[in-house]
Amino acid sequence: MRPVDEAPVRLVPYDPSWPSQFEQDRALLERVLSDWLIGPIEHIGSTAVPGMIAKPVIDIMAPVVNLMASRPAIAAAAEAAYVHFPYRPDVMHWFCKPSAAYRTHHLHLVPFASPLWAERIAFRDCLRNSPSVAAEYAELKKKLAAQFEFDREAYTDAKAPFVQRITQQALAGPEHHRA
């Protein structure tokens with residue numbers, strides 16, 4: 001049973017407007033978070049992979065020095081209509097927009113060069129560069145979206161073994177990628 005305020009898992013075909021939606025928010029976030037950013041803001045997640053089916057939510061990862069020093073950025077992100085939630089507070093500051101019930105964007109403030117930062121970039125880049133891995137991931141997502149339509153957390157948890165395996169291969173180097 002899903003919480004009343006949580007949208008079901010709905011996958012949609014790739015939307016060519018997703019990169020421009022990211023760019024629009026990236027520019028806004030660069031302004032409101034400039035005091036805490038230490039590198040480029042990245043488009044991550046399935047909407048960052050051309051051709052990939054996805055929940056229509058733009059995932060954005062912004063690099064900060066560390067979580068403690070970037071705590072004031074939580075209030076600054078609210079100026080860009082991002083709502084903070086203490087999801088995985090040991091590794092990131094996490095936000096959604098415009099609300100938990102209807103999400104169009106997720107924002108992850110992550111320490112730059114942390115394991116989470118490296119993993120998210122490696123996974124995204126592997127999906128972008130390996131059509132067979134991207135196709136396998138798309139099939140898994142379809143199956144899990146049907147199985148966990150009303151439980152976003154279970155959907156995410158069920159994808160984790162695949163994501164971890166591909167991320168480890170990507171971090172190990174190109175000789176470990178499947179064609």
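The values are calculated or read from the model by the stated rules, or taken from the named source; none is laboratory data. This one's a predicted model, so the numbers in the text were calculated from it and none came from an experiment. Cβ atoms come from the backbone with ideal geometry, glycine included; neighbour counts cover every protein chain shown.
Going by the structure shown, is Ala145 surrounded by 15 or more Cβ atoms within 10 Å (Cβ to Cβ), in contact (Cβ under 8 Å) with a residue 12 or more places away in the chain and of a type outside the set (Lys, Arg)? So that I can check it myself, show each step before the final result.
On the way: surrounded by 15 or more Cβ atoms within 10 Å (Cβ to Cβ): yes; in contact (Cβ under 8 Å) with a residue 12 or more places away in the chain: yes; of a type outside the set (Lys, Arg): yes.
In short, yes.
The set of residues in the range 26-57 being within 22 Å of Glu119 (Cβ to Cβ), assigned to a helix (DSSP H, G or I) and in contact (Cβ under 8 Å) with a residue 40 or more places away in the chain consists of Leu29, Ser46, Ala48.
Among Arg88, Arg120, which is within 25 Å of Asn66 (Cα to Cα), among the charged types (D, E, K, R) and touching a Phe, Trp or Tyr at 6+ places or on another chain (Cβ under 9 Å)?
Working: Arg120 fails: touching a Phe, Trp or Tyr at 6+ places or on another chain (Cβ under 9 Å).
So the residue among Arg88, Arg120 that is within 25 Å of Asn66 (Cα to Cα), among the charged types (D, E, K, R) and touching a Phe, Trp or Tyr at 6+ places or on another chain (Cβ under 9 Å) is Arg88.
When Arg10 is tested against the conditions (1) farther than 11 Å from Leu107 by Cβ; (2) charged (D, E, K, R); (3) in contact with a His (Cβ under 7 Å, 6 or more places away or on another chain), the lone failure is (3). Among residues that are free of Cβ contacts under 8 Å to residues at least 40 places away in the same chain, surrounded by 16 or more Cβ atoms within 10 Å (Cβ to Cβ) and either more than 17 Å from the chain's Cα centre (by Cα) or under 24 Å from Tyr87 (Cβ atoms) (or both), Phe162 is included. Name every residue in the range 55-73 that is over 12 Å from the mean Cα position of the chain (by Cα) and crowded, with 16+ Cβ neighbours inside 10 Å, in order of residue number. Result: Pro63, Val64, Leu67, Ser70, Ala73. Scanning the range 53-110 for residues that are of a type in the set (Val, Ile, Thr) and in contact with a helix residue (DSSP H, G or I) (Cβ under 9 Å, 6 or more places away or on another chain) turns up Ile53, Val57, Ile58, Ile60, Val64, Val83, Val91, Thr104, Val110. Scanning the range 47-73 for residues that are in contact with a Leu (Cβ under 8 Å, 6 or more places away or on another chain) and farther than 19 Å from Ala27 by Cβ gives Val49, Met52, Ile53, Ala54, Lys55, Leu67, Ser70.
Selection of strands (runs of 3 or more DSSP E) fully inside the range 81-179 by the criterion of at least 3 residues being within 16 Å of Gly45 (Cβ to Cβ) returns 93-98, 103-111. You will find that of Ser99, Ser130, the residue that is out of contact with any Cys (no Cβ under 6 Å at 6 or more places or on another chain), surrounded by 13 or more Cβ atoms within 10 Å (Cβ to Cβ) and among the small types (Gly, Ala, Ser) is Ser130 and no other.
Conditions (1) closer than 27 Å to Lys159 by Cα; (2) modelled with pLDDT of 95 or more, marked per residue:
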| residue | (1), (2) |
| --- | --- |
| Glu30 | no, yes |
| Gly45 | yes, yes |
| Gly51 | yes, yes |
| Met61 | yes, yes |
| Ser70 | no, yes |
| Ala76 | no, yes |
| Arg88 | yes, no |
